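One structure below.
The values are calculated or read from the model by the stated rules, or taken from the named source; none is laboratory data. Quick caveat: nothing in here was measured; it's all calculated off a predicted structure. Cβ placement follows ideal geometry from the backbone for every residue including glycine, while neighbour counts extend to all protein chains displayed. Keep in mind that these areas ignore ligands, DNA and RNA; they rest on the heavy atoms of the full protein, side chains included. Shrake-Rupley method; radii C 1.70, N 1.55, O 1.52, S 1.80 Å.
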Amino acid sequence: MDVWRCRAEPHQCGKMIIHDTIVPRCKVYRKDYESVVMRGAKYLDWWATIGGGPISTESSISVPYTRPGNYIQAGKLVDSTTTTDPYIAISYVWDVNPSFVEWEGREVTLQALRIVEQLSKYTSYALWVDAICIPQNDIPVKEVELQKMADIYRGAIAVLCLVPEADRATCAVVERSAALMNMEGFRALEKGGDTHGMYMFASHGSNETLRKLFGSRWWTRAWTLQEAVLNNSTYIVGENMETIPISDILKICGPIARRAATQKKEVLGQSSSFWDSLNSMKMATNDRMPLGTAMSTVWRRQCKVPHDMAYSLLGVCRLQEIRPNYHLPLEEVFVDLVEKACSAGDFSWLRWTHLIDRSDPNRLGRMSMVPTPATIKSAPASTITTWHSIEIPQLPSLIRGGEFGSKG
């Protein structure tokens with residue numbers, strides 16, 4: 001696969017150092033790419049990865065996460081709080097103008113019913129779909145279920161993220177990109193800090209298939225962040241059931257984000273802040289995401305209900321003690337968010353306070369130091385620096401004479 005357009009000498013691709021030898025990038029890429037293709041590895045379909053139906057295991061007796069109120073089993077809405085049976089959680093983007101119908105005694109979307117009908121052809125596991133399992137018109141119940149959202153996705157046997165832009169070509173490109181990043185050529189580029197070379201290896205030279213994948217609305221919604229990163233068995237699923245582990249997609253976002261941070265123009269059709277947001281998602285797969293990073297990641301996205309800009313952060317920031325309340329003034333929601341973070345020892349949100357307009361008459365009292373989504377969006381942010389909290393060791397209370405200074 002020629003992504004460098006090096007037809008003959010002199011090479012246009014640039015040089016790299018591997019095994020203490022200076023070599024044209026294109027030759028290393030071609031060697032590694034051919035090795036990856038020779039393996040012939042392909043992603044398994046999601047149902048083959050997680051199995052076909054409910055199984056009974058001893059480990060299911062102890063449930064570490066709060067169960068959803070209900071799920072869909074065999075075409076019926078059933079109570080899931082009295083069982084430990086596994087279920088699959090679904091992440092997707094609602095239709096812009098959803099159509100509602102009566103089903104099982106509540107209003108649900110036609111889109112959600114179609115999703116259940118399609119996925120049930122491939123598995124007998126129960127399915128959890130928000131537009132069905134959360135009663136949209138019962139606000140008190142909805143607020144209770146939204147508080148469980150992180151546990152619902154963490155506790156699922158798998159999470160399927162429905163991204164119709166994913167197809168067979170996408171599977172091949174992502175699988176090979178992720179594999180190339182494990183080869184010695186990419187590691188040599190990484191060791192040398194070669195941002196452009198790493199980008200070319202990871203993106204197959206700005207492959208148009210990736211532009212299509214990352215152009216999906218799914219990546220731009222606030223709630224999809226936590227839905228995508230809280231479960232290790234999470235898959236992007238295309239319209240025809242094409243399957244890609246999201247871990248591989250997030251893996252290739254790292255080199256793309258670094259490249260985007262050095263460019264004034266868009267990369268693969270997206271801004272540097274978009275790539276910064278996706279690259280930050282990897283952090284939340286294993287650790288609590290600092291609130292300041294979560295703000296940067298989610299508050300550049302979109303949601304219909306302003307309160308959800310705060311509530312969609314609770315799972316990745318481990319702030320589930322906050323119960324969603326859509327009757328609270330929006331300012332109080334943001335104040336409560338930073339106060340709860342401070343109580344947990346997280347002051348990372350302070351990195352955004354210098355952007356707050358002190359002359360704004362709405363920025364009085366408790367809101368004078370609290371960032372909002374408008375604060376974050378006003379910053380042309382892109383970062384290739386990762387911030388981590390570290391524990392500072394306690395200093396000795398006494399320095400004994402003789403160790404420093406003149407000897408007594």
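Quick check on my filter: what residues within the stretch 324-362 are acidic (Asp, Glu) and not in a loop (DSSP other than H, G, I, E, B)? Answer for the stretch 324-362, where residues must be acidic (Asp, Glu) and not in a loop (DSSP other than H, G, I, E, B): Glu331, Glu332, Asp336, Glu339. With the structure loaded, tell me whether Met295 is assigned to a loop (DSSP other than H, G, I, E, B), aliphatic (A, V, I, L, M) and modelled with pLDDT of 90 or more or whether it fails that test. Answer is no for this residue.
Being under 13 Å from Leu146 (Cβ atoms) and surrounded by 14 or more Cβ atoms within 10 Å (Cβ to Cβ) is the filter here; which residues of the stretch 320-346 pass it? It would help to see each step written out before you state the result.
Looking only at the stretch 320-346, we keep the residues that are under 13 Å from Leu146 (Cβ atoms), and these are 320, 322-326, 333.
Answer for the stretch 320-346, where residues must be under 13 Å from Leu146 (Cβ atoms) and surrounded by 14 or more Cβ atoms within 10 Å (Cβ to Cβ): Gln320, Ile322, Pro324, Asn325, Tyr326, Val333.
Residue count for the stretch 90-106, restricted to those that are open to solvent by less than 60 Å² (accessible area, probe 1.4 Å) and either closer than 14 Å to Arg217 by Cα or over 29 Å from the mean Cα position of the chain (by Cα) (or both): 6. Could you tell me which residue of the stretch 230-268 is nearest to Arg187 (Cα to Cα), considering only residues that are open to solvent by 20 Å² or more (accessible area, probe 1.4 Å), acidic (Asp, Glu) and outside any helix (DSSP H, G or I)? In this case the residue turns out to be Glu266.
Can you tell me which residue in the stretch 348-365 is nearest to Ala294 (Cα to Cα), limited to those that are among the basic types (Lys, Arg) and either under 27 Å from the mean Cα position of the chain (by Cα) or surrounded by 14 or more Cβ atoms within 10 Å (Cβ to Cβ) (or both)?
Among those residues, the one meeting the criterion is Arg351.
Condition first: hydroxyl-bearing (Ser, Thr, Tyr) and assigned to a loop (DSSP other than H, G, I, E, B). Now tell me which residues in the stretch 65-79 satisfy that.
The answer is Tyr65, Thr66.
Within the stretch 204-218, being open to solvent by less than 10 Å² (accessible area, probe 1.4 Å) and at pLDDT below 95 holds for one residue alone: His204. Based on what the data block shows, is Ala156 farther than 30 Å from Tyr33 by Cβ and either touching a residue at least 12 places away in the same chain (Cβ under 8 Å) or of a type in the set (Ser, Thr, Tyr) (or both)? Yes. Restricting attention to the stretch 173-185, which residues are open to solvent by less than 50 Å² (accessible area, probe 1.4 Å), out of contact with any strand residue (DSSP E or B) (no Cβ under 8 Å at 6 or more places or on another chain) and either over 17 Å from Ser206 (Cβ atoms) or touching a residue at least 40 places away in the same chain (Cβ under 8 Å) (or both)? Matches in the stretch 173-185: Ser177, Ala178, Ala179, Leu180, Met181, Met183. Every condition in (1) part of a helix (DSSP H, G or I); (2) hydrophobic (A, V, I, L, M, F, W, C); (3) farther than 23 Å from Arg217 by Cβ is met by Leu319 except one, and the failing one is (1).
Quickly run through the stretch 197-220 and pick out the residues that are in contact (Cβ under 8 Å) with a residue 40 or more places away in the chain, assigned to a helix (DSSP H, G or I) and not hydroxyl-bearing (Ser, Thr, Tyr). Correct list: Gly197, Met198, Met200, Phe201, Ala202, Leu210, Arg211, Lys212, Leu213, Arg217, Trp218, Trp219.
So which residues in the stretch 119-133 are without any contact (Cβ under 8 Å) to a residue 60 or more places away in the chain and either of a type in the set (A, V, I, L, M, F, W, C) or under 12 Å from Gly69 (Cα atoms) (or both), if there are any at all? Across the stretch 119-133, the qualifying residues are Leu119, Leu127, Val129, Asp130, Ala131.
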